[in-house]
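Notes follow once the structure below has been shown.
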Amino acid sequence: MAGVTLKHLTKRFGKVVAVNDVSLEIEDGEFIILLGPSGCGKSTLLYSIAGLEDISDGEIYIGDRLMNRVPPKARNIAMVFQDYALYPHMNVYDNMAFGLKLRRASKEEIDRRVHEAAALLGIEHLLERRPRELSGGQRQRVALGRAIVREPDVFLMDEPLSNLDAILRVQMRAEISKLHSRLKTTFIYVTHDQIEAMTMGDRIVILRDGLIQQVGTPEEVYANPANVFVAGFIGTPSMNMMQGHLTRHDGALTFDAGSFRVPLGTAAVERATHYEGRPVIAGVRPSAIQALPRGAAGDVAAGAGIVAARVDVVEPMGDVAYIFVDVGGQSFTVRVDPLSLPRVGDVVPLRIDGSALHLFDPESQRAISGAVREPVAAR
Amino acid sequence: MSGHRHGLLRRILFPLGVAFFTVFSLAPFVWMVYASFVPKSQLLSDPFALPPQFTINNYYRLFASANDGIGADNFRHAIINSLGVCAVTTLISLLIGSIGGYAFARLRFGGKNALLLFLLAIQFLPSVTVIIPMYRMGSAVHLLNTWWILIFAYTSFALPFTLWIMRGYFESIPRSLENAARVDGCSRFGAFLRVVLPLSAPGFAATAIFTFLNAWDEFFFALIFTNNYAAKTLPVALSEFTSRHTIDFGLQMSGGVVANILPVVIALSMQRYIVRGLTAGGVKG
Amino acid sequence: MREANLAYLFIAPTLVIVGLVFIWPLLYSLWLSFNRLNLGVSPNPTWVWLHNYALIFTDPAFSTDVWNTTVRTVIFTVISVPAELIIGLAFALLLNEEFRGRTFFRSVMIVPYAMLTISNGLVWSYILDPTYGVLNVILQRWGLISNFQNWLGTPVGAMGWVIAADVWKTVPFMIIILLASLQTFPTNIYKAAEVDGAGTIQRFWRVTLPMLRPAILIALVLRTLGAFRVYDIIYVLTGGGPADATNVLSYYIYAQAFIDFHIGYASAVAYLTTIAMVLIIIVYLIILRSESAA
């Protein structure tokens, strides 16, 4: 049982900086997610923590032991790989027992632990089989079992669910979460799938090009994205981004996109006053745009955050529906009630909730203010 | 072409082709075996006499006679020389070639591609160019007429190919397997031993077979570097044995059968490894 | 940096051995070629600069030999390699089809490859023997010849049979490479061609053959270099004769170095041969590069 501390961790491959000055404190027992698009350095970071990659700079602590010079086998970690990495020439039992055999554990001890882990994961009936005889889901469980058996200080997982089909993935997500509550060990989990991140993690570390963009709980990261990248990355469908200026209109601080205007909410006004007159980027989630009944067309271009939009694509998705609309050349995604779907080509009025607007500085891309009241995404 | 059409042409051409192919491939070998079991008198007068008289006299003389002047003892000694040289060559080149192949497959270092290309290109140099200097070098260190100079030369012939094939096999093993082993408790080398090696067994088999067959077959260097039976290998011994027994064709052929039995058996039983090996190295260029 | 050092350590044994057996002799051979060294006449090497090379090109006592030898080597290569290719291709196409016992025949084809080159030569020389050889016996029995022939006794005959013996041994190599390539072709392209209206021969010319190009190229280059280097079969079947009819480059160098002991001169000829082969390799690489770029 141990937490992990990273201090100014940097990893270079020649001239390319894959991990750039990453500092992070992971609590003992925490389920932390490393999230980001491919190439962002999350896997490199994980492999550095594992000791499979030598680091160029910085320090890694597991518990309070410095791990820089310690080889992977001595770090008391266990790892689950994307392609499961089960030893093809051994059966399931031997796969799971491998690490223990190397540490000269007694036969009784090995047997006990393997059976315990197998029972936990429901794979006891597979112990004699070879990996090639197993399905993807079964292999994944064996990989988990191999990690559990070691009783490590830290579990490292490198996109373990990416190779599974959608239904299995949902199932395994829940199982991994249950496993974590049961074992109470530190889990460091790498993924590019934000749904996994949002549903499983205690905290999420969002990475891009080797740099940490934001660290926070799923709620924090959703409600208060620290920059444009995080805002666009978290949330499906992604946040709509608009370019415009902050102006004063009718005495109220307003976001002016040219073809429409949205007055800001009170909390945002406090934080954004010094941006008056300057260009900003505004983001609003599809769920914070409301499609009004056609009768409200009279308020179009009235500036009260109401906009006329032409419907391009309609996507019913069961209990929610999304429409892709065109507003003065810009594309937006809007969540609508599936029971009153507009048709392609219709012009519908949309109301944008000013208090749900996220403002960002166009140059630094950082958030100016977050929304105060934010409809939380359905999990 | 898929076996789709059963045209008349096909029905005739095909079996003809197969028959011709079989005769083509096997005739000399079959004749050699046949002639080794036929007494000299029959071979000289009427080789196809029916019914043929079979005898194992040739083999008897080859293996049972002592120093009676037919040179069979030298021939037998050459068998041992060949076995020793080829076995040691195979072992050493497997060892050296596989660690080199591992370095090319797994490790990052400068000059990788250039070095690989260089090693591959080396194989195409004609033996004649190196044989003269090697002879002088070999005699200077008194290694002529020993197994070692041949082992040395044959190993260097085998190394580029071995390295290339093993590199291919190592690359085909997912890195995550080695990583998993390192996390589970192996050192880098331990992971190599316990995970990579067992999974590369076919590669080892293919290169071992090739190295052995090529070493067994090698004539030029053996001829030049050895002049007594302390180290003469079978190809040289066979050539001398044959010219010594000019018209005793049966005896000649029996020597040939003995010299060929091992490579033919190995090739036939390990045929799929040979194909794999040749194509892995050859077709991929 | 640890990784790179480990790598060099692993590669070092290979480099040492290859260096000792190839690189060093290559350089040594170059040095020898600049020396006058005839073990009978002048047993100590004396530096004569390009004298040996001059002999090769200008002195008629030597240059004609070198020229003729080179011509013979080229003839050998130019005839044997296409022959191997065609026969190998025919057999590969045969073995690519599904028929009963195919695995048996695929094993059978290995036999010529497995047989020792020397033994190959010995069996052939027995078969072709002018007095007792089986070929003579069979042909006479079938009434195709009246007298026993000395097959290896004429220049054309000797060269011809040497080529035949070499082709026999190397055909399996061709078959394996071509067959392996053929096996990777998806079967539905033939069906597509059939649907498009192509007959058997057209399917071969327009579908199979173009797809075989890379394999053919590789096999061609490997065998061209191999044919250029041919030695063993010449030694055992004809000994370079009759009257130098089969005296090819490798054999010539061998004879000059180890029979006549003109070591310096032989090294020079060997070096030029090497350069020629390097040129062949370079030409091949250029072709290969333009192939993959296309």
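The values are calculated or read from the model by the stated rules, or taken from the named source; none is laboratory data. Bear in mind that the values here come from a model prediction, so they are computed numbers and not experimental data. Cβ atoms come from the backbone with ideal geometry, glycine included; neighbour counts cover every protein chain shown. Heads up: the accessible areas ignore ligands, DNA and RNA and are worked out on the full protein's heavy atoms, side chains in. Shrake-Rupley method; radii C 1.70, N 1.55, O 1.52, S 1.80 Å.
Sort out which residues of region B:95-115 are without any contact (Cβ under 8 Å) to a residue 24 or more places away in the chain, assigned to a helix (DSSP H, G or I) and not basic (Lys, Arg), and write them in order of number.
Those that are without any contact (Cβ under 8 Å) to a residue 24 or more places away in the chain, assigned to a helix (DSSP H, G or I) and not basic (Lys, Arg): B:Leu95, B:Ile99, B:Ala103, B:Asn113, B:Ala114, B:Leu115.
If I ask for residues that are closer than 16 Å to A:Val190 by Cα and open to solvent by 50 Å² or more (accessible area, probe 1.4 Å), which ones from region A:133-169 would you list?
Of everything in region A:133-169, those that are closer than 16 Å to A:Val190 by Cα and open to solvent by 50 Å² or more (accessible area, probe 1.4 Å) turn out to be A:Asn163, A:Arg169.
Does at least one position in region C:108-119 carry a residue that is more than 19 Å from the chain's Cα centre (by Cα), over 30 Å from C:Val207 (Cα atoms), modelled with pLDDT under 85 and open to solvent by less than 40 Å² (accessible area, probe 1.4 Å)?
Checking region C:108-119: not a single residue is more than 19 Å from the chain's Cα centre (by Cα), over 30 Å from C:Val207 (Cα atoms), modelled with pLDDT under 85 and open to solvent by less than 40 Å² (accessible area, probe 1.4 Å).
If A:Lys73 passes every condition in (1) exposed (fewer than 14 other Cβ atoms within 10 Å of the Cβ); (2) of a type in the set (Lys, Arg); (3) under 30 Å from A:Leu9 (Cα atoms) but one, which one does it miss?
Checking A:Lys73 against (1) exposed (fewer than 14 other Cβ atoms within 10 Å of the Cβ); (2) of a type in the set (Lys, Arg); (3) under 30 Å from A:Leu9 (Cα atoms), the one that fails is (1).
Identify, by number, the condition in (1) buried (at least 21 other Cβ atoms within 10 Å of the Cβ); (2) touching a residue at least 24 places away in the same chain (Cβ under 8 Å); (3) farther than 25 Å from B:Leu143 by Cβ that B:Thr242 doesn't meet.
(2)
Which of the residues that make up region C:264-276 are surrounded by fewer than 24 Cβ atoms within 10 Å (Cβ to Cβ), over 17 Å from C:Val230 (Cβ atoms) and within 9 Å of chain B (Cβ to nearest Cβ)?
C:Tyr271
Restricting the search to region B:198-224, which residues are more than 25 Å from B:Ser139 (Cα to Cα), open to solvent by 10 Å² or more (accessible area, probe 1.4 Å), in contact (Cβ under 8 Å) with a residue 12 or more places away in the chain and among the aliphatic types (A, V, I, L, M)?
B:Leu199, B:Ala205, B:Ala208, B:Ile209, B:Leu213
Being of a type in the set (Ser, Thr, Tyr), outside any helix (DSSP H, G or I) and either out of contact with any strand residue (DSSP E or B) (no Cβ under 8 Å at 6 or more places or on another chain) or open to solvent by 20 Å² or more (accessible area, probe 1.4 Å) (or both) narrows it down to one residue among B:Tyr154, B:Tyr229; which is it?
On inspection, the qualifying residue turns out to be B:Tyr229.
Consider only pairs whose beta carbons are under 6 Å apart and that are at least six residues apart or on different chains; among these, list those whose first residue lies in region A:76-96 and is farther than 15 Å from A:Val114 by Cα and whose second residue is of a type in the set (Asp, Glu).
Listed by first residue and then by second, the contacts come to A:Asn76/A:Asp153; A:Phe81/A:Asp158; A:Gln82/A:Asp158; A:Gln82/A:Glu159.
Considering only region C:227-239, I want to know if a residue exists there that is within 9 Å of chain B (Cβ to nearest Cβ), open to solvent by 50 Å² or more (accessible area, probe 1.4 Å) and assigned to a helix (DSSP H, G or I).
yes
Taking C:Phe99 as the residue in question, decide whether it is assigned to a loop (DSSP other than H, G, I, E, B) and either over 25 Å from B:Met253 (Cα atoms) or within 12 Å of chain B (Cβ to nearest Cβ) (or both).
It is true that C:Phe99 is assigned to a loop (DSSP other than H, G, I, E, B) and either over 25 Å from B:Met253 (Cα atoms) or within 12 Å of chain B (Cβ to nearest Cβ) (or both).
Applying the selection to region A:277-317, what residues are part of a loop (DSSP other than H, G, I, E, B), open to solvent by 70 Å² or more (accessible area, probe 1.4 Å) and at pLDDT 85 or above?
A:Arg278
Being open to solvent by 60 Å² or more (accessible area, probe 1.4 Å), farther than 20 Å from C:Val248 by Cα and not in a loop (DSSP other than H, G, I, E, B) is the filter; apply it to region C:31-81 and report the residue that is modelled with the lowest pLDDT.
The qualifying residue modelled with the lowest pLDDT is C:Pro43.
Determine which member of the set A:Asp111, A:Asp94 is away from every other protein chain (no Cβ under 12 Å), of a type outside the set (Ser, Thr, Tyr), in a helix (DSSP H, G or I) and out of contact with any helix residue (DSSP H, G or I) (no Cβ under 6 Å at 6 or more places or on another chain).
A:Asp111 is the lone residue from the list that is away from every other protein chain (no Cβ under 12 Å), of a type outside the set (Ser, Thr, Tyr), in a helix (DSSP H, G or I) and out of contact with any helix residue (DSSP H, G or I) (no Cβ under 6 Å at 6 or more places or on another chain).
Restricting region A:324-361 to residues that are among the basic types (Lys, Arg) and in a strand (DSSP E or B), which is surrounded by the most Cβ atoms within 10 Å (Cβ to Cβ)?
So the residue we want is A:Arg335.
Can you give me the number of residues within region C:141-168 that are over 28 Å from C:Thr70 (Cα atoms) and either among the aromatic types (Phe, Trp, Tyr) or in contact (Cβ under 8 Å) with a residue 24 or more places away in the chain (or both)?
Here the count works out to 2.
Identify the single condition in (1) of a type in the set (D, E, K, R); (2) within 25 Å of B:Pro126 (Cβ to Cβ); (3) more than 12 Å from the chain's Cα centre (by Cα) that B:Arg244 does not satisfy, given that it satisfies every other one.
It fails just one condition, (2).
For region C:1-30, what are the residues that are at the interface with another protein chain (Cβ under 7 Å from one of its Cβ atoms) and open to solvent by less than 30 Å² (accessible area, probe 1.4 Å)?
Across region C:1-30, the qualifying residues are C:Ala4, C:Ala7, C:Ile11, C:Thr14, C:Ile17, C:Val18, C:Val21, C:Phe22, C:Pro25, C:Ser29.
Any residue in region C:189-211 that is without any contact (Cβ under 8 Å) to a residue 60 or more places away in the chain and surrounded by 12 or more Cβ atoms within 10 Å (Cβ to Cβ) sitting within a Cβ distance under 7 Å of a residue that is assigned to a loop (DSSP other than H, G, I, E, B) and of a type in the set (A, V, I, L, M, F, W, C)? List the pairs, counting only those 6 or more apart or interchain.
What qualifies is C:Tyr190/B:Met1; C:Arg203/B:Met1; C:Arg206/C:Ala198; C:Met211/C:Phe185.
This table checks each residue for (1) within 11 Å of chain C (Cβ to nearest Cβ); (2) at pLDDT 85 or above.
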{"position": "B:Val195", "(1), (2)": "no, yes"}
{"position": "B:Ile209", "(1), (2)": "yes, yes"}
{"position": "B:Leu213", "(1), (2)": "yes, yes"}
{"position": "B:Trp216", "(1), (2)": "yes, yes"}
{"position": "B:Ala222", "(1), (2)": "yes, yes"}
{"position": "B:Tyr229", "(1), (2)": "no, no"}
{"position": "B:Pro235", "(1), (2)": "yes, yes"}
{"position": "B:Asp248", "(1), (2)": "yes, no"}
{"position": "B:Gln271", "(1), (2)": "yes, no"}
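Inside region A:239-276, can you point out the residues that are open to solvent by less than 10 Å² (accessible area, probe 1.4 Å) and among the hydroxyl-bearing types (Ser, Thr, Tyr)?
A:Thr254
In this structure, does B:Arg167 turn out to be in contact with a Phe, Trp or Tyr (Cβ under 7 Å, 6 or more places away or on another chain), over 19 Å from C:Tyr254 (Cβ atoms) and open to solvent by 40 Å² or more (accessible area, probe 1.4 Å)?
yes
Residues of region B:98-114 being crowded, with 18+ Cβ neighbours inside 10 Å and facing chain C (nearest Cβ under 7 Å), which ones?
Listed by number, the residues that qualify are B:Ile99, B:Gly100, B:Tyr102, B:Ala103, B:Leu107.
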